[in-house]
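Heads up, the thing below is written out as structure tokens.
The values are calculated or read from the model by the stated rules, or taken from the named source; none is laboratory data. Owing to the predicted nature of the structure, the values given are computational and were not obtained by experimental measurement. Note that each Cβ is placed from the backbone with ideal geometry, even for glycine, and that neighbours are counted across all protein chains shown.
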Amino acid sequence: MRAVLETVFTSVLQFLANEKYISLEHYFVDGTKIEANANRYTFVWGKAVSKHKTKLQGNIHALFADIEATEKQEEQEHHCQDLSELGESAEISSEKLEQMTQTLESQLLDKPKDKPLKKAVQRLRKDLLPRLLKYEQYQMLLGDRNSFSKTDPDGTFMRMKEDHMRNGQLKPGYNVQIGTENQFILAYSLHPRPTDTRCLQPHMERQGRSWGNFLGWWLRMQAMAVKRTMPIWKTNT
């Protein structure tokens, strides 16, 4: 559907250029903010995610340190080898934590009455591992943004231009950049950035890619026009 819409849009631009409604000699860009259709109270903040994830990493390391302290000597050596690979301050990924949890579950099958080990496995499965997976997913959705909405992950919290309450409330939304000439919309782009200055370069880069076919056609038309006027110019000179 997107490819079809872009083809139709390019055809409309070709018609406007052919009928001299647009010349592409002037391109005016302006931005506005559109509020997303999302719950404004379902925010996720990047700094909070990083803070909670760091605290969770500390809890995970502390848990494995407790397991080491309660195990027998040969099992201590086994666990020490796992932790030495991670390092004291190393960040544990959810994939690595899953592997370590499975290792503990295998040991629990051999020692089903080991209450500390059983408690540790339950905490990993029901609390630590799910939370680590959640924070990793949040960071993936955030990218280089500082926030997003749970009900519309593409929306970023920003101050809207229309602030009826005059309290500067942050709402999930998009910064829309629109390029026009002669009151015709030639292009638009959506951005997660609240300021227009940071949107101009990605807007122009995107339009450079999407206008490839149209600009090629337009340049060919200009070249043909020059060829048609060359004989007239030579005759008059």
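Odds and ends about this structure:
- Residue count, the range 11-49 (criterion: assigned to a helix (DSSP H, G or I) and either β-branched (Val, Ile, Thr) or free of Cβ contacts under 8 Å to residues at least 24 places away in the same chain (or both)): 5
- Residue within the range 161-175 that is surrounded by 15 or more Cβ atoms within 10 Å (Cβ to Cβ) and either charged (D, E, K, R) or within 24 Å of Glu25 (Cβ to Cβ) (or both) present: yes
- Flag for Gln139 being polar (S, T, N, Q) and modelled with pLDDT of 90 or more: yes
- Evaluation of Ala65 against (1) over 30 Å from Tyr188 (Cα atoms); (2) at pLDDT 90 or above (one fails), failing number: (2)
- Checking each residue in the range 136-152 for being of a type outside the set (Asp, Glu) and under 8 Å from the mean Cα position of the chain (by Cα) picks out Met140, Leu141, Leu142, Gly143, Arg145.
- A single member of Glu85, Glu75, Glu6 is modelled with pLDDT under 80, surrounded by fewer than 11 Cβ atoms within 10 Å (Cβ to Cβ) and either among the charged types (D, E, K, R) or in a helix (DSSP H, G or I) (or both), and it is Glu85.
- Of the helices (runs of 4 or more DSSP H) entirely within the range 92-198, those holding at least 1 residues that are on the phi < 0 side of the Ramachandran plot, of a type in the set (A, V, I, L, M) and touching a residue at least 40 places away in the same chain (Cβ under 8 Å) occupy 115-123, 129-142.
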